[in-house]
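Have a look at the structure below, then the notes.
The values are calculated or read from the model by the stated rules, or taken from the named source; none is laboratory data. Model, not experiment: these values are computed from the prediction. Here the Cβ positions follow ideal geometry from the backbone for every residue, glycine too, while neighbour counts run over all protein chains shown.
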Amino acid sequence: MSEVKVDTISERTAANGIVVDGVTIKDSGLTIPSGGTLTIDSGGIITNNGNASGFGGSNTAFSATRDGGYFSTGIGDNSWTKSPIGSYNSWGGSIPVDTASGFDQTNSRWTCPSGEAGVYLVGFWLKTHNNGAQVRSEKWRPYINGSTAGVEDNLNFSDVVGRTGSMQMIELSVGDYVEWWFLANWDSSVRLTGCAQWGFKLI
């Protein structure tokens, strides 16, 4: 085995770099070829004193809210209803976060875009006003592609103005769409006054 000891190795042609057994050292950077592996032996440590890029995944998050006024029209007692999203009508709707542009306001759903498949934590929040009557309970669950998904989760109220919510995990493939459905269980005096749907991908 031969050993070469030098103080400096410079590239012969500017910007071409130096190639050592397929690994390119160029412009103060180290490039591992496609299919190659950078291996850190047991006990080795990678210390980052600068900026790291390309690791993990991009954050994907979304939320939509409606708040203000009543929109209980068409919502029957003890029946499952799809929750409206954002500016579905002329009042109170907004989509403050949608990093992947997946919301479809017309159909009240969020569709998983290309490159964003994974496990998501999704949540639902609901607000009612019952004009002094007792609110019994409500339920919600996510739907994927028009079919039930996740678990049926209880939303319980006790005050004249009720606010409640919960969250659960679902898995989405590219092209899957998620909707938020709730079961109203109230008397005729109860009005739906606000809701929010949100989610983010677990990385």
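Search the stretch 15-40 for residues that are among the acidic types (Asp, Glu) and pair each with any residue that is in a loop (DSSP other than H, G, I, E, B) when their beta-carbon atoms are under 9 Å apart and the residues are at least 6 apart or on different chains.
Asp27/Ala15; Asp27/Gly17
Which residues, counting only those in the stretch 104-138, are among the basic types (Lys, Arg) and either modelled with pLDDT of 90 or more or surrounded by fewer than 18 Cβ atoms within 10 Å (Cβ to Cβ) (or both)?
Taking the stretch 104-138 first, the residues among the basic types (Lys, Arg) are 109, 127, 136.
Within the stretch 104-138, Arg109, Arg136 meet the criteria.
On the given criteria, is Ile18 farther than 30 Å from Ser83 by Cβ and surrounded by 10 or more Cβ atoms within 10 Å (Cβ to Cβ)? Talk me through it step by step, then tell me what you get.
Numbers: farther than 30 Å from Ser83 by Cβ: yes; surrounded by 10 or more Cβ atoms within 10 Å (Cβ to Cβ): yes.
Here the answer is yes, as Ile18 does meet what is asked.
Can you pull out the strands (runs of 3 or more DSSP E) entirely within the stretch 1-100 that have at least 1 residues that are farther than 23 Å from Leu121 by Cβ and modelled with pLDDT under 80? Even if it seems obvious, please write down each step before you answer.
Values: elements: 18-20, 23-26, 29-31, 61-67, 79-82, 93-98.
Ranges flagged: 18-20, 23-26, 29-31, 79-82.
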